[in-house]
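What follows is a short report on a single structure.
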Ligand code: AMP
Ligand code: MG
């Protein structure tokens, strides 16, 4: 069985092809880049996806070395995401499914990040730390769903890092730039905001931007942003591990690439005798493979999804019934 997955929730238009047993045959993508100093403009990102979708499809098919007709199932990112971007992927998936007369499976983007992490690391039943431009959640499987144990109350961590980076004139994406500068920074105090199991990053962002106006240097601010936000996440993740009694941590999403974050979570795991896993870099970013793989899992477990809503811009991780978890 071959599943083609389409990702188009935000900046990335991606197509992945996987077999029913999780062999990855193609992972192609094209990323919309906003103009310098600007955030993502949904209409422009959608236009980018529309322009590049056929080219990415051709690239994925030639990488997998198969004709389009060999595809058995079309899966697509149905949400959460930006409506104009989601619509490009959904319409493309519907067209392909009609043309090939093959089933279509709408996939929740966040579940894609989790499942590609489990597939590529062999983590079995981890506490998942999912950090991206649009999400910051600490998640664990319980009774048929991926439940959210803690999450941001305001902006996601990736977004906080990007807005901070823009505020101090660094290029996008901001996370890697901040990571570089942080290497030569020292600690200055920023607000540390954990409320129960939830987190807040907007106050830290404002405080850091204000300190920049007071001439605190970029290196110290970058270091302190990282130390504060990552320590908050490590605290909440440790508590989730203790509550659930699980013995693995899986770090996924674009921010997973950060070495300092990996180091802090790894050390916490070591102290608790838990195993630490990080999704490989090429699958940490938004990609079509993760969507194809959830399509395969859903199909293999006999999952049926009605197609009432073509897109679900506010679909939440814990609204999805997980029929394949063992
Ligand atoms: P995603 O939304 O999953 O595609 O992830 C994109 C986010 O990951 C952006 O906010 C980036 O700034 C962030 N990111 C990428 N690499 C790093 C890094 N090395 N450290 C921190 N954040 C990162
Ligand atoms: Mg994502």
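Below are the figures for this structure:
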| quantity | calculated |
| --- | --- |
| Elements of type strands (runs of 3 or more DSSP E) in the range 1-96, at least 1 residues being closer than 24 Å to residue 303 by Cα, in contact with a strand residue (DSSP E or B) (Cβ under 6 Å, 6 or more places away or on another chain) and within 16 Å of ligand 1 (Cβ to nearest atom) | 2-7, 12-19, 73-79 |
| Sole residue being touching a strand residue (DSSP E or B) at 6+ places or on another chain (Cβ under 9 Å), surrounded by 20 or more Cβ atoms within 10 Å (Cβ to Cβ) and outside the structural domain of residue 242 (by TED's automatic domain parsing), chosen from 296, 314 | 296 |
| Odd one out for residue 113 among (1) within 23 Å of residue 160 (Cβ to Cβ); (2) surrounded by fewer than 24 Cβ atoms within 10 Å (Cβ to Cβ) | (2) |
| Unmet criterion (only one of (1) at pLDDT below 95; (2) outside the structural domain of residue 164 (by TED's automatic domain parsing); (3) closer than 27 Å to residue 87 by Cα) for residue 254 | (2) |
| Checklist (1) in contact (Cβ under 8 Å) with a residue 12 or more places away in the chain; (2) out of contact with any helix residue (DSSP H, G or I) (no Cβ under 7 Å at 6 or more places or on another chain) applied to residue 41, failing item | (1) |
| Qualifying positions in the range 104-137 - more than 16 Å from ligand 2 (Cβ to nearest atom), over 21 Å from residue 289 (Cβ atoms) and assigned to a strand (DSSP E or B) | 127 |
| Test: residue in the range 267-280 that is in a helix (DSSP H, G or I), closer than 15 Å to residue 123 by Cα and more than 10 Å from ligand 1 (Cβ to nearest atom) | yes |
| Listing of helices (runs of 4 or more DSSP H) fully contained in the range 152-234 that carry 2 or more residues being within 16 Å of ligand 1 (Cβ to nearest atom) and under 20 Å from the mean Cα position of the chain (by Cα) | 157-167, 174-182 |
| Residue list for the range 266-280, restricted to those being within 22 Å of residue 177 (Cβ to Cβ) and surrounded by fewer than 24 Cβ atoms within 10 Å (Cβ to Cβ) | 278, 280 |
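The values are calculated or read from the model by the stated rules, or taken from the named source; none is laboratory data. All of these numbers come straight from a predicted model, not from anything done at the bench. Please note: Cβ atoms are built from the backbone with ideal geometry, for glycine as well, and neighbour counts cover all protein chains shown.
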